[in-house]
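Undergrad: This is the structure, below, for whatever I ask next.
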Amino acid sequence: MDEQYRDLLIRQQYRLHKDHAAVKLCHWLKESLVHGRCCYKQDFYGIESHRCLQMTPAINECSHRCTFCWRVQDSDFEVREWAEPKEMLDALIAHQRMLISGFKGDPRCSRQMFEEASNPNQVAISLAGEPITYPYLSDFVKECHSRGMTTFLVTNGTYPERLEELDELPMQTYVTVAAPNKEVYGRICRPKVADGWERIIRTLELLPSLDTRTVIRHTLVKDLNMGREEDYARLDRIADPDMIEPKGYVFVGASRQRLSLSSMPSFDEVREFSSALGELVGMDILRERPDSRVLLMGREGTETDVRKACAERLSRPTR
Ligand code: SF4
């Protein structure tokens with residue numbers, strides 16, 4: 001890893017293990033500890049924001065340069081030696097404990113919340129890069145599950161063969177579909193691979209056969225990829241996901257060099273898009289979080305099943 005890049009990440013409160021794995025406290029973990037406000041995934045799925053490990057096993061590679069991405073881009077590099085899953089998880093949890101240590105003395109954070117936060121039980125495998133490129137991802141997921149942790153993976157869909165190879169899949173797998181067609185995809189995701197769109201289609205075709213809960217995330221940027229609900233519906237019908245999350249772009253981080261405040265759609269515009277899409281794919285709006293510009297779409301009962309599955313996983317005895 002380039003020293004300058006490492007210094008930049010450390011300054012941005014990332015903590016690294018070897019040169020490919022990283023953890024960073026999520027805004028919502030902190031909000032949850034001191035203000036009791038949780039992230040939309042706690043609302044939608046029953047995970048606990050204050051016990052979430054926001055991490056990546058592969059900060060070194062991404063096949064996209066999405067205009068809406070808040071992360072530092074263009075810093076791909078070869079990994080000399082990949083960490084073993086157990087060692088990596090232990091190291092990142094130790095880093096997280098250091099990162100939250102300041103909350104111990106904060107009167108707004110209860111002793112119980114602090115103790116719980118010191119023992120993460122949710123792993124958000126989505127911090128940066130393309131986590132699916134980590135060669136031991138299946139074993140990592142197995143390790144997390146053996147400790148009674150819930151696991152959410154986000155992928156940009158350009159590694160279908162890697163997804164197919166996973167013999168233990170995360171509880172919830174997100175595929176980001178941020179374009180209704182190949183032309184818009186080229187402009188908004190700025191792929192580094194020539195056949196990125198074709199790879200995404202292969203991933204969507206794969207989803208119905210996978211033993212994981214599948215979610216399509218439509219990241220919506222005003223005046224760039226909104227509308228064309230018919231085209232999005234055609235893609236969603238291929239994937240036949242358990243749920244869809246239309247989510248409005250947020251003007252934060254490095255994306256501010258590429259987009260503007262006016263690129264953020266209002267919650268009403270995201271809801272309008274969702275209602276139109278729901279009509280086309282036969283899904284209802286199950287939940288809404290206006291402050292995060294996101295909605296949960298699914299079929300009757302989906303949401304209850306999801307929450308039950310999360311609660312069941314979290315209640316299992318850990319080894
Ligand atoms: S699930 Fe995502 S938004 Fe919620 S606390 Fe974890 S990283 Fe943050």
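The values are calculated or read from the model by the stated rules, or taken from the named source; none is laboratory data. Since the model is a prediction, treat every value here as computed from it, not as a measurement. All Cβ positions, even for glycine, are placed from backbone atoms using ideal geometry, and neighbour counts span all protein chains on display. Accessible surface areas use protein heavy atoms only, side chains included; no ligands, DNA or RNA. Shrake-Rupley method; radii C 1.70, N 1.55, O 1.52, S 1.80 Å.
Undergrad: Any chance you could get the radius of gyration and Dmax over the Cα atoms of the chain, in Å?
TA: Rg and Dmax of the chain, Cα atoms, are 18.7, 53 Å.
Undergrad: Just subtract the alpha-carbon distance of Q112 and K142 from 0.36 nm times their residue separation and send over the number in nm, one decimal.
TA: 8.0 nm
Undergrad: Tell me, in nm to one decimal, what length is gained between E78 and E230 on full extension, where the rule is 0.36 nm per residue of separation less the Cα-Cα distance?
TA: Separation in residues times 0.36 nm, less the Cα-Cα distance, equals 50.7 nm.
Undergrad: Using a probe of 1.4 angstrom, how much of the accessible area of the chain is carbon and sulfur, in percent?
TA: Carbon and sulfur: 48 percent of the exposed surface of the chain.
Undergrad: Percent of Cα-Cα pairs per 10 Å bin, from 0 to the last occupied bin, for the stretch 1-72, please list those.
TA: Over the stretch 1-72, the share of Cα pairs per 10 Å bin runs 17, 40, 34, 9 percent.
Undergrad: Using a 4.7 Å cut-off between beta carbons, which cysteines in the chain end up with no partner cysteine at all?
TA: Cys with no partner Cβ under 4.7 Å: C26, C38, C39, C52, C62, C109, C144, C189, C310.
Undergrad: Full extension from A94 to D2: what is 0.36 nm times the residue separation minus their Cα-Cα distance, to one decimal in nm? Display every interim value, and only then the final one.
TA: On the way: separation 92, 0.36 × 92 = 33.12 nm, distance 2.37 nm.
Computed gain between A94 and D2 is 30.7 nm.
Undergrad: Tell me which residues come under 5 Å, amide H to amide H, from R217 once H is placed; ignore anything under 5 positions away on its chain.
TA: V175, T176, V177, E245
Undergrad: Using θ = phi - 60° and the Karplus curve 6.51 cos²θ - 1.76 cosθ + 1.60, what whole-Hz ³J(HN,Hα) does each residue of the stretch 193-198 get, with Gly and Pro shown as x?
TA: Those phi angles translate into 10, 5, 9, x, 5, 4 Hz.
Undergrad: Okay, next question. So with the 1.4 Å probe, I'd like the accessible area per residue for the chain, rounded to whole Å². Each step should come with its number before you reach the end.
TA: Values: 13720 Å² over 319 residues.
Here the per-residue accessible area is 43 Å².
Undergrad: Return the sequence-ordered ³J(HN,Hα) values of the stretch 279-288 in whole Hz as given by the Karplus equation 6.51 cos²θ - 1.76 cosθ + 1.60 applied to θ = phi - 60°, using x for Gly and Pro.
TA: For the stretch 279-288, the Karplus-derived couplings read 4, 6, 10, x, 10, 9, 7, 8, 8, 9 Hz, x marking Gly and Pro.
Undergrad: Using the C-alpha atoms of the stretch 158-236, what convex hull volume per residue, in cubic angstrom, is computed?
TA: 89 Å³
Undergrad: Let me ask something additional. Can you work out ³J(HN,Hα) from phi for every residue in the stretch 249-257, in order, using Karplus 6.51 cos²θ - 1.76 cosθ + 1.60 and θ = phi - 60°, giving whole Hz and x for Gly and Pro?
TA: Values, residue by residue: 4, 10, 6, 9, x, 5, 5, 5, 7 Hz.
Undergrad: All other residues with a Cβ under 13 Å from the Cβ of M113 taken together, and with Lys, Arg as +1 and Asp, Glu as -1, what is their net charge?
TA: Summing Lys and Arg as +1 and Asp and Glu as -1 gives +1.
Undergrad: If you don't mind, another one. Pull up all non-local amide H partners of R287: gap of 5 or more, or a different chain, and H-to-H distance under 5 Å with H placed in the peptide plane.
TA: Amide H neighbours of R287: L296.
Undergrad: What is the diffusion coefficient of the stretch 136-282 in µm²/s, taking the Kirkwood radius over Cα pairs and the Stokes-Einstein relation at 4 °C with a viscosity of 1.567 mPa s?
TA: 80 µm²/s
Undergrad: Also, quick follow-up: For the stretch 21-129, max minus min Cα coordinate along each principal axis, in Å, sorted largest first?
TA: The Cα atoms of the stretch 21-129 stretch 43, 32, 24 Å along their principal axes.
Undergrad: Skipping prolines and chain starts, which residues have an amide H placed within reach, meaning under 5 Å, of the one on T151, given they are 5 or more residues away or on another chain?
TA: HN-HN under 5 Å from T151: V123, M171, Q172.
Undergrad: Where does the charge balance sit around E161 when Lys and Arg score +1, Asp and Glu -1, over other residues with C-beta under 14 Å from its C-beta? If you can, show how the numbers build up before the last one.
TA: Working: positive: R162, R199, R202; negative: E130, E164, E165, D167, D195, E198, E205.
For residues surrounding E161, the net value is -4.
Undergrad: A further question on this structure: Can you work out the base-10 log of I(q)/I(0) for the stretch 96-182 at q = 0.11, 0.18, 0.21 1/Å, using the Debye formula on its C-alpha atoms alone?
TA: For the requested q values the scattering log ratios are -0.43, -0.84, -0.98.
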